[in-house]
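The values are calculated or read from the model by the stated rules, or taken from the named source; none is laboratory data. These numbers come from a predicted model, not from an experiment. Here the Cβ positions follow ideal geometry from the backbone for every residue, glycine too, while neighbour counts run over all protein chains shown.
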């Protein structure tokens, strides 16, 4: 087994608001190997994006603050880095694709300049001309037609799918070791979504870049990822290789997510099975199992204790459940 590229241990990220302390990420641990593609799934508000922003040290403060844990990247704790050191890491070693490409791109600069700017920030030995050529190369690599001409265009002159390709070009231009993609296909139609995802998968393989993919879509996870972390109420409740998640889900929440999806082999007109109830209020999370009020398998122990992530006898599969499937 190769050395771990990223190791997150007991991460806690809280938001201090007038309504109370929101425990958005509470004791999350996971690891990634070089070149690995990890999917992070769960309902809105479960802590997926906050986990990613914590890894990048981009939590807005105030109100947010990382109050505990470690984030080790290549054996060095990100939480101990100065802002100058973080600026050198972001973009060159760890990159992130945000949800909305239109708000992530500067509307007053052409896209070639914005890609070249990233190159110049991390490759000070390159001239402006060399950085521009690299920008055009990246646009061509992400399959934007007539890249040399299109590099001079502004973000509003691109479609949503093309803007997302520009964001991928910016994220990969310095060959980072880790790429974090936070719902990179939001608001794209299914055809463009498939193209963008296939592009990311191919580039990840070509550059040996580890990929953390945050998404609601388990279908995307099935086609893109090697390993999956299922998050609920600020915790990782199940972690397993992607095939095991779909074939033998262990946590009742994972089972609920899979049952709520339409399937091609189901009879037409069949009703989906929703997960009843609502996630807990993270300003006052329960000390017991956070999924207990919605769980069809709940027992008295679940209402008294919080289960920890443990092996469930299926290889690498782990689940935070006293009574896994």
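Observations on the model:
- Restricting attention to segment 142-173, the residues that are touching a residue at least 40 places away in the same chain (Cβ under 8 Å) and surrounded by 19 or more Cβ atoms within 10 Å (Cβ to Cβ) total 14.
- Considering the conditions (1) in contact with a helix residue (DSSP H, G or I) (Cβ under 7 Å, 6 or more places away or on another chain); (2) farther than 30 Å from residue 231 by Cα; (3) surrounded by fewer than 16 Cβ atoms within 10 Å (Cβ to Cβ), residue 70 is excluded by exactly one of them, (2).
- The number of residues in segment 89-122 being exposed (fewer than 15 other Cβ atoms within 10 Å of the Cβ) and either modelled with pLDDT of 90 or more or not in a helix (DSSP H, G or I) (or both) comes to 4.
- The set of residues in segment 9-32 that are over 15 Å from residue 232 (Cα atoms), buried (at least 20 other Cβ atoms within 10 Å of the Cβ) and in contact (Cβ under 8 Å) with a residue 60 or more places away in the chain contains only 32.
- Residue within segment 167-186 that is in contact with a helix residue (DSSP H, G or I) (Cβ under 7 Å, 6 or more places away or on another chain), modelled with pLDDT under 85, part of a helix (DSSP H, G or I) and over 30 Å from residue 321 (Cα atoms) present: no
- When 87, 103 are checked against the criterion of being within 27 Å of the chain's Cα centre (by Cα) and over 30 Å from residue 19 (Cβ atoms), 87 stands alone in meeting it.
- Scope segment 54-66; condition in contact (Cβ under 8 Å) with a residue 40 or more places away in the chain and either closer than 24 Å to residue 210 by Cα or in a helix (DSSP H, G or I) (or both); matching residues: 54, 55, 56, 59, 66
- Condition met for residue 35 (touching a residue at least 60 places away in the same chain (Cβ under 8 Å), within 14 Å of residue 230 (Cα to Cα) and either in a loop (DSSP other than H, G, I, E, B) or more than 14 Å from the chain's Cα centre (by Cα) (or both)): no
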